[in-house]
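K.L.:
Once you've had a glance at the structure underneath, I'll fire off some questions.
Only the coordinates and a few stated rules stand behind these numbers; no lab work does. Small disclaimer: the values here were computed from a predicted structure and weren't measured. Here the Cβ is made from the backbone with ideal geometry for all residues, glycine too, and neighbour counts use every protein chain on show.
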Amino acid sequence: MPGLRTMKAEGRKIAMLTAYDTSFAMQSELAGVDVALVGDSLGMVIQGRRSTLPVTLDQMVYHTALVARGLSATLLVADLPFMSDRDVPTAMNAAARLMGEGEAAMVKIEGAGHILDVISALSARDIPVCSHLGLTPQSVHKFGGYRVQGKNEDTADQMLADAKAVEVAGADMLVLECIPSALGARISRELSIPVIGIGAGPDCDGQVLVVYDMLGITPGKRPKFSKDFLAGRDSVQAAMAAYVEDVRNGQFPGPEHGFN
């Protein structure tokens, strides 16, 4: 994605938001959002599930197609759902559906390790890939819950190594979730691809939030790394535009949204 690499090179922050339907997609594009992510987070915020694991490929294709109808210029990224990355043929089929039927321009995939072969295979076939490291929600049971990752030296070094590995494998972009701010800055400096943070500090090349979190309408406690941008504003588009502006000028995230 040459445009995003140019933004990184020029120090211009990338604003990314999730979207799950046509109306929200249209609002995000009008607000100036650079990247729309159809996240498997829809399992939690749309379907009311306890995790992202039950989300199916059919559901991801459906929601991606809805979002595509609301966009004309914004980059559309779609998550590969749980276990659709278990081997290269399965991932290839899932990516083909998300891009063919769903009209995504890029697919997002969690983890490193055996996933490197999948990233390489997708990249070799000119399928743009966004990697996702740190707190990877599809691994929630392995992590023992939604916890900050990379807090000690060994795990931080491993995450940096994984980040470099996904770049070498062919990833075009990287999302870092729930890691110490200093580690987010370190990884962003050492990679040439754009690094997007969600609870990864202000020094990443861009930020992403779940749109329902930044509108303050997610049931329950809002994540520490989020902010209610709808408060004090009279429309969804105004809230999204405020988010974009705060990301661009470095006002968001603040110190209170990060982890040590």
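K.L.:
Tell me whether the chain comes out rounded, prolate or oblate; compute the Cα gyration tensor, take square roots of the eigenvalues as a ≥ b ≥ c, and use a/c under 1.5 as the rounded threshold.
P.N.:
rounded
K.L.:
Sticking with this structure for a sec: What trypsin sites (Lys or Arg not before Pro) does the range 175-260 have in DSSP loop regions with at most 16 other beta carbons within 10 Å? List each step's numbers first, then the result.
P.N.:
Working: sites: ARG186, ARG189, LYS221, LYS224, LYS227, ARG233, ARG248; in loops: LYS221, LYS224, LYS227, ARG233.
Sites meeting the loop and neighbour criteria: LYS221, LYS224, ARG233.
K.L.:
Under a point-charge model restricted to the Cβ atoms of Lys and Arg (+1) and Asp and Glu (-1), what is the dipole moment magnitude of the range 152-253 relative to its Cα centre, in debye to the nearest 20?
P.N.:
Numbers: 9 positive and 15 negative charges, 77 e Å.
With Lys and Arg at +1 and Asp and Glu at -1, about 380 debye.
K.L.:
Check ILE14: other-chain or 5+ apart residues with amide H under 5 Å from its amide H, H built from backbone geometry?
P.N.:
Answer set, sorted by chain and number: GLY206, GLN207.
K.L.:
Let me ask something else. Does the range 28-81 classify as rounded, prolate or oblate by the C-alpha gyration tensor (a ≥ b ≥ c root eigenvalues; a/c under 1.5 gives rounded; else a/b over b/c gives prolate, otherwise oblate)?
P.N.:
Details: a/c = 2.52, a/b = 1.93, b/c = 1.31.
Prolate, because a/c is 1.5 or more and a/b exceeds b/c.
K.L.:
For SER120, SER226, which order do you get if you count the other beta carbons within 10 Å of each Cβ and list the fewest first?
P.N.:
SER120, SER226
K.L.:
Let me ask another. For the range 29-133, run through the GluC sites (Glu not before Pro) and keep only the ones in DSSP coil with at most 11 other Cβ atoms within 10 Å of their Cβ.
P.N.:
none
K.L.:
Still on this structure: Near LYS13, which lysines are there with a Cα under 28 Å away, not counting those fewer than 8 places off in the same chain?
P.N.:
Within reach: LYS108, LYS151, LYS164, LYS221, LYS224, LYS227.
K.L.:
Same structure again: Determine the relative contact order of the range 2-257: mean sequence separation of Cα pairs under 8 Å and six or more apart, normalised by residue count, in whole percent.
P.N.:
Details: 517 pairs, mean separation 48.7, N = 256.
Once divided by the residue count of the range 2-257, the mean separation gives 19 percent.
K.L.:
Fewest to most neighbouring Cβ within 10 Å: what's the order for MET214, MET16, MET26? Intermediate results must be reported in sequence, preceding the final value.
P.N.:
Numbers: MET214 25, MET16 28, MET26 18.
Least crowded to most crowded, the residues run MET26, MET214, MET16.
K.L.:
Here is a follow-up. With only Lys, Arg, Asp and Glu charged, each at its Cβ (+1 for the first two, -1 for the last two), find how big the charge dipole of the chain is about the Cα centre; round to the nearest 20 debye.
P.N.:
The calculated dipole for the chain is roughly 420 debye.
K.L.:
On to the next question. As a footprinting exposure proxy, order CYS178, CYS130 by other Cβ within 10 Å, with the fewest listed first. Please report the intermediate quantities before stating the final value.
P.N.:
Numbers: CYS178 24, CYS130 28.
Listing CYS178, CYS130 from fewest to most nearby Cβ atoms yields CYS178, CYS130.
K.L.:
A further question on this structure: Go ahead and estimate [θ] at 222 nm for the chain from helices alone: -39,500 (n - 2.57) per DSSP H run with n ≥ 4, summed, over the residue count, rounded to 500.
P.N.:
Roughly -11500 deg cm²/dmol at 222 nm, from the helical runs in the chain.
K.L.:
Compute the relative contact order of the range 109-260 as a whole-number percentage, counting only Cα pairs closer than 8 Å that sit 6 or more residues apart in sequence.
P.N.:
19
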